[in-house]
1. Could you tell me whether the stretch 94-101 includes any residue that is part of a loop (DSSP other than H, G, I, E, B) and either over 13 Å from the mean Cα position of the chain (by Cα) or modelled with pLDDT under 90 (or both)?
2. Select from the stretch 110-121 the residues that are surrounded by fewer than 16 Cβ atoms within 10 Å (Cβ to Cβ), charged (D, E, K, R) and either at pLDDT below 85 or under 15 Å from LEU169 (Cα atoms) (or both) and list them in ascending order.
3. For the stretch 349-404, give me each residue that is outside any loop (DSSP other than H, G, I, E, B) and of a type in the set (S, T, N, Q).
4. Assess whether ALA144 counts as being more than 19 Å from LEU318 (Cα to Cα) and more than 14 Å from the chain's Cα centre (by Cα).
5. Inspect the stretch 67-86 for any residue being without any contact (Cβ under 8 Å) to a residue 24 or more places away in the chain and closer than 21 Å to LEU318 by Cα and give the result as yes or no.
6. If you check THR303 against the conditions, is it modelled with pLDDT of 95 or more, in contact with a helix residue (DSSP H, G or I) (Cβ under 9 Å, 6 or more places away or on another chain), of a type in the set (S, T, N, Q) and more than 16 Å from SER21 (Cβ to Cβ)?
7. Filter the stretch 185-209 for residues that are in a helix (DSSP H, G or I), surrounded by fewer than 20 Cβ atoms within 10 Å (Cβ to Cβ) and among the aliphatic types (A, V, I, L, M) and give the result.
8. Which of the residues that make up the stretch 169-179 are surrounded by fewer than 22 Cβ atoms within 10 Å (Cβ to Cβ) and among the aliphatic types (A, V, I, L, M)?
Amino acid sequence: MSEPAGPRTRIGAWLARPMASFHLIVTIATLLTVLGLVMVLSASSVEAYADTGSAYGLFATQLIFAVLGAVLFYVALCMPVRLMRKLALPAFAASVVMLALVLIPGIGKESGGARRWFEFGGLSFQPSELAKVTLVVWGASVLATRRRGAPLKELLIPLVPGALLASGLVILQPNYSTTVTFVIVVGALLWFAGLPLKIFGVAVAGVGVAAVVLALSADYRAARIFGFLNPGDDPQGANYQPRQAKFSLADGGLFGRGLGQSRAKWSYLPNAHNDFIFAIIGEELGFLGCLAVLGLLALFVFTGLRIAMRSVDPFLRLLTAAATTWILAQAMINIGYVIGLLPVTGQQLPLVSAGGTSTAITLLMFGILANAARHEPEAVAALHSGPDGRVSRLLRLPKPEHYSAARAEAARAAAAARAKAKTAAAKAAAAQQKAAQAQAVARRRALAAAAPEERRRPAPNQQPPRRRAEPRRDQPLTSEQRRRSGGRPGEQGFRR
C-alpha cells in the first residue's frame, strides 16, 4: 500500500497546475488589499474623527480607490499583449505630460510644500504613480526588441533619456521617493535585459553619488539622513517618527494588542495610516502579523519570478521581472525605515498603506502580472484545450494568444529595418544639408571674388567720369583757380 503524499508533494502537485501562477497572483492581491483596508480603517479612525467627525473618512476614500483598482485589474487582465505593447509609448508620453502639467500652479494641487496631485471632486490623483507602471511597460517593450548582446547604445537609448526626463519632472515636485522607484525600475529592466556587469556597477556607483547629492540638497532630507546616522539625537524632531515606530512595534509583542487597540495611532505616531502602517500592524497583530505580511511578499516574489522564468515572450519576461523587483524594493524600503534599518524616505507599503492612487495603480500592475501568468505556455495550452471555467465565463476573460517566436522575430526584424531606414534617411538628410552648406559657402566666395571687378567695371549706360582739366605748368591761374587755391586777390599765380 502506497504511503499518502506528504505536504511537499501536494504543494508541488498544486504548483504544477497550469493556472497556479494566476491563482497565486489573484490571491496575493486580494489578501494584501483586504489587509490594507482593515489596517487603514484601524490606523486612521482617530485622526479622521478628529478632522471630520467621522472615523470612516480616510477609509471610505481608500475603499473607493480599491474598487477603482479592481476595475483596472480586470481591464489589464483582459488586455491583449499586442495592444499593451502598442499603447506602451503613448501611455508613457501621456504620463510625462501629466508630470509636467502637475507643476503648473492652478492645475496641480500643492500640499506640504510639494505639488504632486490633480484634484477632481474631492479625490486626488498622483500622476507619478501612473508613470511607474507606464515606465515598466514601455521599458520592457523597448528592450524586448533588442537582441542578447546588443550594443550598449541600443540598450540605453531611448530608455534612459526617457526615464531621466520623467525623473527630472518628479524631482521638481519634489518627490524623492518616486525618483528612487524610477531608478529601481530602470536598473531592473537593464539588469534583466543583459547589461554587462561592469557597466551596471559603474551605473550603480554613479546613481549612489547622485542620490547622496539629492539627499543632502534639501534640509528636511539631510535631517533624515543625519537622524538615521545618529538615532539618539533630536528625539522630538527628525528622530521622532522612527522612535515612535519602534515603541509601537515593541508594544505589540508576539501576538499584538488586538485589532483596533493601537496606542500609537492616538496622535503619538504621525502618518500611522500611511508611511508607518507596518508599525501599527506590529502593534495590533504582533510579530506574527508582521511575519504574515513578509510571507505574502515572499510568496509574491516567488510567483513573479516564476512567471518571468516560465514566460517565452521576452516582453512579458522583462515586464514581470522588473515589476516584481519594483514592488519588492518599495516594500522593503518601507519596512526597512519603519524598523530602523534605513532612513525615512516616504515609500509606501504596496496595497497596505493608505494612498488611493498608489493602491489603484498597484492593483493595475497586479492585473498585468495576472495577464502574464495566463500567457505561460502551459496555461495557454490548458485554456485552449478545454471549456472555460466558471470564473472565466463569469468574467468573460478572453483566451490568451499563443506566442509565436517566428512572428516575434519578424516584428523584431521589421523594427530593425525601420530603425536602419530611419538612420539612413537621417544620414542622407545630413549629407544633403552638408552639401547645400558647401554650395552656399562656394557661392558666397565666388560673389566675394567677383565684387571688386564689378565695382571697377562701369555700368552699360554709365559714362566714365570726366577728369578735371588741370592747367599746364607755368600757365597763369585764373581768378577762380586762385580763389580755390587760397591766393590773395590781385596776386599773379603760376602753377609750379
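The values are calculated or read from the model by the stated rules, or taken from the named source; none is laboratory data. Note that the coordinates shown come from a computational prediction; the quantities given were computed from them, not determined experimentally. Cβ sites come from the backbone with ideal geometry, for glycine too, and all protein chains shown count toward neighbours.
1. No - not one qualifying residue is present in the stretch 94-101.
2. GLU110
3. THR357, SER358, THR359, THR362, ASN371, SER385, SER392
4. no
5. Scanning the stretch 67-86 turns up at least one residue that is without any contact (Cβ under 8 Å) to a residue 24 or more places away in the chain and closer than 21 Å to LEU318 by Cα.
6. Against the criterion (modelled with pLDDT of 95 or more, in contact with a helix residue (DSSP H, G or I) (Cβ under 9 Å, 6 or more places away or on another chain), of a type in the set (S, T, N, Q) and more than 16 Å from SER21 (Cβ to Cβ)), THR303 does not qualify.
7. Within the stretch 185-209, LEU197, ILE199, VAL202, ALA203, VAL204, ALA205, VAL207, VAL209 qualify.
8. Listed by number, the residues that qualify are ILE171, LEU172.
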